[in-house]
1. Work out the FRET efficiency for B:V300 and B:S190 from their Cβ-Cβ distance, taking R0 = 25 Å, and round it to the nearest 0.05.
2. Among B:V337, B:V38, B:V228, which one shows the biggest mean-square fluctuation in a GNM of chain B, springs joining Cα atoms closer than 10 Å?
3. Quick one: of the DSSP bridges fully inside chain A, what percent are antiparallel, nearest 5?
4. Roughly how large, in nm² to one decimal, is the mean projection of the convex hull of the alpha-carbon atoms in the range B:177-307?
5. As a test of understanding, state the convex hull volume per residue of the range A:275-347 from its alpha carbons, in Å³.
6. Along Cα-to-Cβ, 7 Å out, sits the label point; list in nm, shortest first, how far the one on A:H105 is from those in the other copies.
7. At 7 Å along the Cα-to-beta-carbon direction for both B:D326 and B:E43, put a label point, then send me their distance in nm to one decimal.
8. Using only Cα atoms, tell me the angle between helix B:145-154 and the longest principal axis of chain B; keep it within 0 to 90° and round to the nearest 10.
There are 2 protein chains.
Amino acid sequence: MSEATEKRVRSRRLSGGGVKMVDVARLAGTSTQTVSRVLSRPELVADDTRKLVEQAIRELNYIPNSAARLLASSVSHIVAVIIPSLSATVYAQEVHHIVRVLEEHSFSVVIGHSDYSELREERLVQSFLERRPDGFILTGTQHTDLTRQLLRNSGVPVVETFDGDNAAMDMSVGFSNLEAGRKVAELFLSRGLTRIAYVGGRSDQDFRSNARFEGLQSRLAEAGLAPVARIELTLPMPAGDGVRGLDQVLAIDPLTQAIFFSADTLAISALLECNRRGMRVPEQLAICGFGNYDFADAIVPALTTVAVPFEQIGVLAANAILARLDGSVQGPSQTVVPLQLLRRGSA
Amino acid sequence: MSEATEKRVRSRRLSGGGVKMVDVARLAGTSTQTVSRVLSRPELVADDTRKLVEQAIRELNYIPNSAARLLASSVSHIVAVIIPSLSATVYAQEVHHIVRVLEEHSFSVVIGHSDYSELREERLVQSFLERRPDGFILTGTQHTDLTRQLLRNSGVPVVETFDGDNAAMDMSVGFSNLEAGRKVAELFLSRGLTRIAYVGGRSDQDFRSNARFEGLQSRLAEAGLAPVARIELTLPMPAGDGVRGLDQVLAIDPLTQAIFFSADTLAISALLECNRRGMRVPEQLAICGFGNYDFADAIVPALTTVAVPFEQIGVLAANAILARLDGSVQGPSQTVVPLQLLRRGSA
DNA sequence: TATTTTTGTGTTAGCGCTATCAAAAGGAGT
DNA sequence: ACTCCTTTTGATAGCGCTAACACAAAAATA
């Protein structure tokens, strides 16, 4: 921001409302301390005084300054949330519920996008720490050393989400991507399918997709099989990438019998493309998605997929922060939410 | 938060890092003012001094306290965004781009959900004002009187989004819902369809859907027609509501020839249901959606819909705030982004 | 050389609030 | 009446930073 800007901003702000606690105190005929108490611990103030103060607050349209409060009390009532991107529905869903729960407890949520980059995440953590948040909610367990160090030093409660396979820094709320992969392998095997492919995000970007692939691979290995192809798409993956993934798989092995897509959006667009091409699903090609997306059961055939309780993850993550803050829970914790394989028409 | 909580939070915070600007100044052998300058206007500091200070900052892992900065300078670098809900893709998209643009200019975004309620919006505005944001981005132009008054008093730049039909408080970035409705009516009329229904949100919740309906209705009226049905669904509307809307329309008039759905999610689930029931689209029933959702052109038949540049709205809204803050733009402004009717298979 | 201007840095006084302690007022017990 | 508590309120001193000015040193000008 330019020098001129700062000036302009300040003068605007000063000219605006500008009612302070002293003004309220004066009008109510009390000290600022009493006003402060009415706001934060009204039970300590006599009823008559409290009403007087509340009246003055209303009359003056007084709005407390949270910066001054934070400075004096070191409580910000802010929770910082960093996700890869809000344009992926799963994260938007998660954040929705985080915001919902935290709003009820009068915490504000600040949001940042890591864009699937640890380095961007690090920068965000650094910048968010300036606001002295009371909690951090991150995605995944992959972070730079500096990120870890900064968070540890700050002493802020941290929840890592979406990864139930790896050790967390502090608290974690996730699901087992490994298990998801194994479940899908299990399903394909039970149908006697052997030529199985995987389509997911680039392995250097999408660590949780890697775990799903590993789960798939390990279960196949136990049956003496190996995936016929693994396609890596650059993040973020628009729905249309599903068709590209499908084509790449078929280019590698035209006789592929089953594909596990790391996201329902990909699976759905691939499935619809199969319909258009007259490729029969699941007879000719079985398709399994991940996430139980909105339209997964509306299309024909309905999409077989792994249901993940993303909303629940958001709620639990928010609650984990709250529980730590009010002291009802002390140490680290790891919560793993259950997955459900939804067997429908496509596999 | 309980009394015990506050104590715990404070003691945690005090024990944490706790490096302040004086510590940096001491180590660098300068005054705090010089450190402050290195952070905010490094060009004013001699190269040697600057390096010394930067070194000290790194060595101590110093992280500035934005609350103290705000208190002293009245610039928060926060923009508050209030949307109905993050679980609706359109708003998630918008917010994604708001966050993206503002992050680049080192602004933080705090998010709140109005849940389609003016009263909740009012409460959020009140609570966000405590953080002294440098800007507000709201959804729609429908607000309580107190909301307007608070915002006006605060002097903060405000952008209202998604509504290009009504007058804005300050700045606005939206599209004409009215025009959208008229465009769709035009399309149906050009196909010779006369029995036309509308499915959207409840009229006391979804004001922008109301405008779309009015557009539809007014254009039909010009042709001497009237909608055969208007279905109002309670928000938020999950995709499955599309089928309910479809059923309600057919219950009122089984001979309905065309339906305009106020959101693609509804239209898509209705269209897929028609396929399942063997109802031919568009011959038997034409369907038009709104929003050009992800899978709109992947289904069969492809969904005819109104494309709205939601991303662009996010970008423009963020830029409007930034432009106002750096003084390059002064007064109120209204930006109306263009809509595009995408004629595809379903209508 | 004397004088002005520019550049770089330090000093001081808050920003608006809360923690902490002090103290006054009222009530209960002896 | 007296002490001892409880309840309620106020005075004071920061929280960590920056704006505004003051001032010294260096550079430019006369």
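1. Once rounded, the FRET efficiency stands at 0.65.
2. B:V38
3. Looking only at bridges with both residues in chain A, the antiparallel portion is about 10 percent.
4. Its Cα hull, projected and averaged over all orientations, spans 6.9 nm².
5. Spread over its residues, the Cα hull of the range A:275-347 gives 91 Å³ apiece.
6. Taking the point 7 Å beyond Cα along Cα→Cβ, the inter-copy spacings are 3.3 nm.
7. 1.2
8. Here the helix axis deviates by roughly 30 degrees.
The values are calculated or read from the model by the stated rules, or taken from the named source; none is laboratory data. Owing to the predicted nature of the structure, the values given are computational and were not obtained by experimental measurement. Note: ideal-geometry Cβ built from the backbone for every residue, glycine included; neighbour counts use all protein chains shown. Just the protein is used for accessible areas: all its heavy atoms, side chains included, with ligands, DNA and RNA removed. Shrake-Rupley method; radii C 1.70, N 1.55, O 1.52, S 1.80 Å.
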